[in-house]
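Q: Okay, here's the structure, questions in a sec.
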Amino acid sequence: MARNKLAGTKTGKSKSAKHYQENPEAAAKKAEYDSKYHKTSKRKKYRAGLNRKNHKLGTYGNGDGKDLSHTTGGKLVQEDQSTNRKRNRGKKKKGGKRYPSLPKY
């Protein structure tokens, strides 16, 4: 499968993206945390399930621009990547702690 050609070519414009660009120590700390988080068995099982469903639908790795999206009822439906990934972008920061269910390291 071909790599994402856009990966690493653009700089973010959000406050957090600018923060990590200006503070390499903070970026390294975040990268280390993210790496540990995504290595947990729970996350691996989650990703494997999504990939399995994508394979069954025939959209895995074919570049059709489709994603699996979680509905409010918990079902998985197919939709455009851009539509899926831009939903609720501003709402995620509001409310209590940002990621209350993440494991502590």
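Q: Check whether at least one residue in the stretch 4-26 is touching an Asp or Glu at 6+ places or on another chain (Cβ under 9 Å) and β-branched (Val, Ile, Thr), and report yes or no.
A: For the stretch 4-26, residues touching an Asp or Glu at 6+ places or on another chain (Cβ under 9 Å) and β-branched (Val, Ile, Thr): absent.
Q: Exactly one condition in (1) at pLDDT 85 or above; (2) surrounded by 11 or more Cβ atoms within 10 Å (Cβ to Cβ); (3) not basic (Lys, Arg) is not met by Ser82; state its number.
A: (2)
Q: Give the residues of the stretch 45-74 that are touching a residue at least 24 places away in the same chain (Cβ under 8 Å) and outside any loop (DSSP other than H, G, I, E, B), sorted by residue number.
A: Across the stretch 45-74, the qualifying residue is only Leu50.
Q: Counting just the residues of the stretch 12-44 that are of a type in the set (S, T, N, Q), over 21 Å from Arg89 (Cα atoms) and outside any helix (DSSP H, G or I), which one comes out modelled with the highest pLDDT?
A: The extreme case among them is Thr40.
Q: Give the residues of the stretch 75-89 that are free of Cβ contacts under 8 Å to residues at least 24 places away in the same chain and not β-branched (Val, Ile, Thr), sorted by residue number.
A: Residues satisfying the conditions are Lys75, Gln78, Glu79, Asp80, Gln81, Ser82, Asn84, Arg85, Lys86, Arg87, Asn88, Arg89.
The values are calculated or read from the model by the stated rules, or taken from the named source; none is laboratory data. Only a predicted model underlies this, so the values are computations on that prediction, with no experimental measurement involved. For neighbour counting, all protein chains shown are included, and Cβ atoms are generated from backbone atoms with ideal geometry for every residue, glycine included.
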